[in-house]
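Input: a single structure, listed below in structure tokens.
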Amino acid sequence: MSYSTFNTKHEGEIAIVTISRPEALNALNNTFFKEFNAYLDTIENDENTNILIITGEGKAFIAGADIAEMQNMTKEEGYQFSKTGQNTFSRLENLNKPVIAAVNGYALGGGCELALACDFRISNNYGKFGLPEVSLGLIPGYGGTQRLSRLSGLGNTLYLQLTGQMIDAEEALRMGIVQKVVDASELMTEALKIAGKITQHGPNAIKTLKKVVRGGYQVDLNKAYDLESDEFSKLFESDGPEGMKAFLEKRKPNWK
Ligand code: DAK
């Protein structure tokens, strides 16, 4: 299936989504959200895809929500637009496979929020991060007010969102927003290398790990430990036996 706001391709079990509205620096509009939800429907049930990489075409990752489209919204439409974005990014965050943001340039406003909903972020040296909504008389509306503080702390969140200022990839790295910065020419090679490393491991263990880390973060610590024990124990009936047997037999695991 093809989409008008992004391109998709596969490299083995790795899916790559390239957001592509270069005329608006890949700004997110209603069509994007409609298409991206349809894509998530497909990918979450696709057993041949074990990891997703999201990047942008040209000099931007995503320069935000589409300001031209938002400009004439009513309060009710704004609420709906925010809820659609929040629900979409929550789906992405909770997708049953890891998601890597490969940030190739501007990741602003809604674009930064999309990157924050990914499991981790790598950036090239042109990466620019910011939540400049207050400069438009708005606030982040796709979960960014909440996700950034959980990732990078209250001080960094209020500093970035109150000033609306852009930071470069190295500063984002220092703030814990980005996990790795690479040269522009190496971004996709590095993203694929990291994705390849993840997909070598037990597929059920990978899914379980994401579920437990994310699920446990939202509940009381004792409940989180229970979740960890429950999910840990289930792996003795899926990937665990083969992984441990392969180790002891000094060979690579043969995951089913
Ligand atoms: N939306 C629409 N078009 C955009 C855009 C955007 N976010 N960003 C750039 N463009 C368009 C420009 O208008 C320009 O179009 P033409 O003039 O060529 O027709 C084209 O992309 C190229 O942009 P520039 O000419 O400006 O390129 P430069 O290299 O000079 O500058 C820039 C790059 C990224 C610094 C600049 O484009 C810029 O400042 N862009 C806006 C960045 C921004 O403010 N992003 C945050 C958007 S607000 C909510 C839900 C969601 C949100 C908030 C609330 N609720 C419902 C509560 C989220 C809000 C946002 O994301």
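The values are calculated or read from the model by the stated rules, or taken from the named source; none is laboratory data. Since we're looking at a predicted model, the values are computed, not measured. With ideal geometry, Cβ positions are generated from the backbone for all residues, glycine too; neighbour counts draw on all protein chains shown. For accessibility, only protein heavy atoms count, side chains too; no ligands or nucleic acids. Shrake-Rupley method; radii C 1.70, N 1.55, O 1.52, S 1.80 Å.
Output yes when any residue across segment 31-46 is open to solvent by 70 Å² or more (accessible area, probe 1.4 Å) and within 16 Å of the ligand (Cβ to nearest atom), and no when none is.
Yes.
Name the single residue that is farthest from the ligand (Cβ to nearest atom) among those in segment 137-154 being closer than 25 Å to residue 75 by Cβ and polar (S, T, N, Q).
Within segment 137-154, the match that is farthest from the ligand (Cβ to nearest atom) is 146.
Which of the residues spanning segment 142-166 are surrounded by fewer than 21 Cβ atoms within 10 Å (Cβ to Cβ) and touching a strand residue (DSSP E or B) at 6+ places or on another chain (Cβ under 8 Å)?
164, 165, 166
Are there any strands (runs of 3 or more DSSP E) wholly within segment 1-100 with 1 or more residues that are touching an Asp or Glu at 6+ places or on another chain (Cβ under 8 Å), and if so which?
6-11, 14-19, 51-56
In this structure, does residue 57 turn out to be more than 27 Å from residue 215 (Cβ to Cβ), surrounded by fewer than 17 Cβ atoms within 10 Å (Cβ to Cβ) and of a type in the set (D, E, K, R)?
no
Could you identify the single residue in 28, 92, 52 that is farther than 30 Å from residue 203 by Cβ and open to solvent by less than 10 Å² (accessible area, probe 1.4 Å)?
Step by step, each of 28, 92, 52 is checked, and only 28 is farther than 30 Å from residue 203 by Cβ and open to solvent by less than 10 Å² (accessible area, probe 1.4 Å).
Conditions (1) more than 16 Å from the chain's Cα centre (by Cα); (2) of a type outside the set (Ser, Thr, Tyr), marked per residue:
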{"position": "109", "(1), (2)": "no, yes"}
{"position": "112", "(1), (2)": "no, yes"}
{"position": "116", "(1), (2)": "no, yes"}
{"position": "133", "(1), (2)": "yes, yes"}
{"position": "147", "(1), (2)": "no, yes"}
{"position": "152", "(1), (2)": "no, no"}
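Kindly provide the set of residues from segment 106-136 that are more than 7 Å from the ligand (Cβ to nearest atom), part of a loop (DSSP other than H, G, I, E, B) and open to solvent by 10 Å² or more (accessible area, probe 1.4 Å), ordered by number.
Within segment 106-136, 119, 125, 126 meet the criteria.
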